[in-house]
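Undergrad: Structure below; questions to follow.
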Amino acid sequence: MKILTILGARPQFIKSSAISNIINLKYKDKIREIVVHTGQHYDYEMSKVFFKEFKLKKPKHFLKISGLNHLEMTGKMIFMLDRVILKEKPDLILVYGDTNSTLAGAIASVKKRIPIAHVEAGLRSKNNIMQEEINRIITDRVSKLLFCPTVGAKKNLFKEKFNNFNEKKIFNFGDVMLDIHKRYSFSMYKKSKLNDYYLVTIHREENCEIKIIENIINNLEQLAKHRKILFPAHPRVKQILKKIIKSDKIIITEPMNYIKFGKAIYNSFAVITDSGGVQKESFFFKKNCFVLRNETEWSELIKKNYNVLINPLKKNFYRDIISMKLKKININYKPYGNGYASNRIIKSIYNNLLKKN
C-alpha cells in the first residue's frame with residue numbers, strides 16, 4: 001500500500017512528522033510513504049531544518065517551486081505533481097492544511113482519480129477572499145477522507161452538506177499539532193535568559209502590504225516601550241523590517257526551529273501573530289494570543305476569549321493590547337483532542353484503503 005505525502009511549508013513538515021512517525025512505528029510493513037516537497041518554503045530555516053529536527057524521511061521528489069505568484073506557483077505544482085503521480089501510482093494522496101501545495105496536490109490527485117486524505121479539513125475563516133480559505137474549500141470538496149481537528153470544523157462540513165456525498169468520510173480525531181506538542185514538550189518547557197516579552201510573528205501576504213506593515217510596526221514600537229518584543233522573522237518579512245524598525249527594544253531574529261520556537265512561546269508574556277498554527281501553539285502553552293487579523297479559522301479560542309482578534313489597520317491598537325485584561329486559560333478545556341490524533345488518522349486511512357482493495 002503506497003501513500004504519496006505532499007508537503008511544501010513549515011506547518012506541513014511539522015504536522016506530517018506525527019503521521020510519518022506512526023507509519024514507521026506501527027505500519028512499516030504495510031504502508032510505504034513517498035514524500036514530495038514542492039519547494040514552497042525553500043529557505044533552510046523554513047524547510048530543511050524541520051526534516052532534520054523531526055527525523056523526517058528525505059523527500060524522494062523535490063520540485064523546487066518557489067518565488068512565484070499564487071497562480072504561477074499552483075499551476076506549476078499541478079503540472080509537476082501530475083508527473084510524480086504518474087510515476088509513483090499511489091493508492092492515496094495525503095495533504096495537509098491550506099497552502100498552494102495543498103491545493104495543487106488535491107487538484108492533481110483528483111484529475112488522476114487518486115483518493116485524497118485531507119488533514120485539517122473543515123476549517124473556515126468565512127473570508128472567501130483569503131487564498132488559504134479558497135485552498136481549504138476546494139481541497140475539502142475533492143477529498144475522500146476528511147480529518148477535522150475540532151468539533152467546529154466537522155460541523156462546518158455538515159453545514160456545507162459534505163455528509164450528503166456518499167463517498168466522503170468525515171472524522172474528528174483531534175489536531176496532530178497537539179500530538180507533536182506532547183511529544184516534544186519536555187524539550188520546550190525550559191526557562192531562558194530572555195523572558196516576559198511579546199513574541200511576534202508576521203508572514204501573511206496581506207499584512208506585508210506597506211500600509212499595513214507600517215501600521216503594525218508603529219504599534220509594536222509603542223508596545224516595546226512597555227515590554228520587549230522578540231520577533232523571529234521570515235526572510236521576506238525581515239527585509240521589510242530592516243527598512244522601517246527603529247526601536248532597539250524589538251529583537252529581530254532568524255526563523256526558529258520547532259523546539260526553539262516552543263521555548264520562545266513558553267518564556268513569553270503573550271503572543272502576537274497572524275499565523276493560524278501559532279494561535280494553537282500559544283494555547284498549548286497556556287499563553288494568550290493577539291491575532292493580527294479580522295477573522296480566524298481557529299474561532300473556538302476567540303469565543304473563549306483566550307485569543308483576541310486585532311485589526312492590523314487600526315491606529316494605536318497597542319493601547320488595546322496593553323489595557324486588555326488577559327483571561328487565564330482553563331487547563332481542562334481541550335478543543336483539539338487528547339494528543340492521539342495521528343494514530344487514529346493513519347489507522348483510519350489504512351482501514352479504508354484495505355476495504356477498497
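The values are calculated or read from the model by the stated rules, or taken from the named source; none is laboratory data. If you're wondering where the values come from, they're calculated on a predicted model, not measured in any experiment. Heads up, the Cβs are rebuilt from the backbone with ideal geometry, glycines too, and the neighbour counts pull from every protein chain shown.
Undergrad: With the checklist (1) farther than 23 Å from Asn100 by Cα; (2) among the polar types (S, T, N, Q); (3) in the same structural domain as Arg293 (by TED's automatic domain parsing) in hand, flag the one item Asn166 doesn't pass.
TA: Every condition holds for Asn166 apart from (3).
Undergrad: If you don't mind, another one. So which of Lys28, Lys87, Lys52 ends up being exposed (fewer than 15 other Cβ atoms within 10 Å of the Cβ), basic (Lys, Arg) and not in a helix (DSSP H, G or I)?
TA: Lys28
Undergrad: Among what's in the range 34-49 and is surrounded by 20 or more Cβ atoms within 10 Å (Cβ to Cβ) and free of Cβ contacts under 8 Å to residues at least 40 places away in the same chain, pick the residue that is nearest to Ala341 (Cα to Cα).
TA: Once the filter is applied, the top-ranked residue is Val35.
Undergrad: Yes or no: Gly276 under 16 Å from the mean Cα position of the chain (by Cα) and within 26 Å of Asn127 (Cβ to Cβ)?
TA: For Gly276, the condition - under 16 Å from the mean Cα position of the chain (by Cα) and within 26 Å of Asn127 (Cβ to Cβ) - is met.
Undergrad: Please state which of the following conditions Ile244 fails to meet, knowing it meets all the rest: (1) surrounded by fewer than 18 Cβ atoms within 10 Å (Cβ to Cβ); (2) closer than 28 Å to Ile19 by Cα.
TA: That leaves (2) as the condition not met.
Undergrad: Of the residues Ala108, Ala121, which single one is surrounded by 16 or more Cβ atoms within 10 Å (Cβ to Cβ), at pLDDT 95 or above, in contact with an Asp or Glu (Cβ under 7 Å, 6 or more places away or on another chain) and closer than 23 Å to Ser282 by Cα?
TA: None of the other options fit; the residue is Ala121.
Undergrad: So which pairs qualify, if the first residue must be in the range 133-157 and farther than 17 Å from Ile93 by Cα, the second must be of a type in the set (A, V, I, L, M), the Cβ gap must be under 7 Å, and the two must be at least 6 apart or on different chains?
TA: Listed by first residue and then by second, the contacts come to Ala153/Ala121; Ala153/Leu123; Lys154/Ile170; Leu157/Ala121; Leu157/Leu146; Leu157/Ile170.
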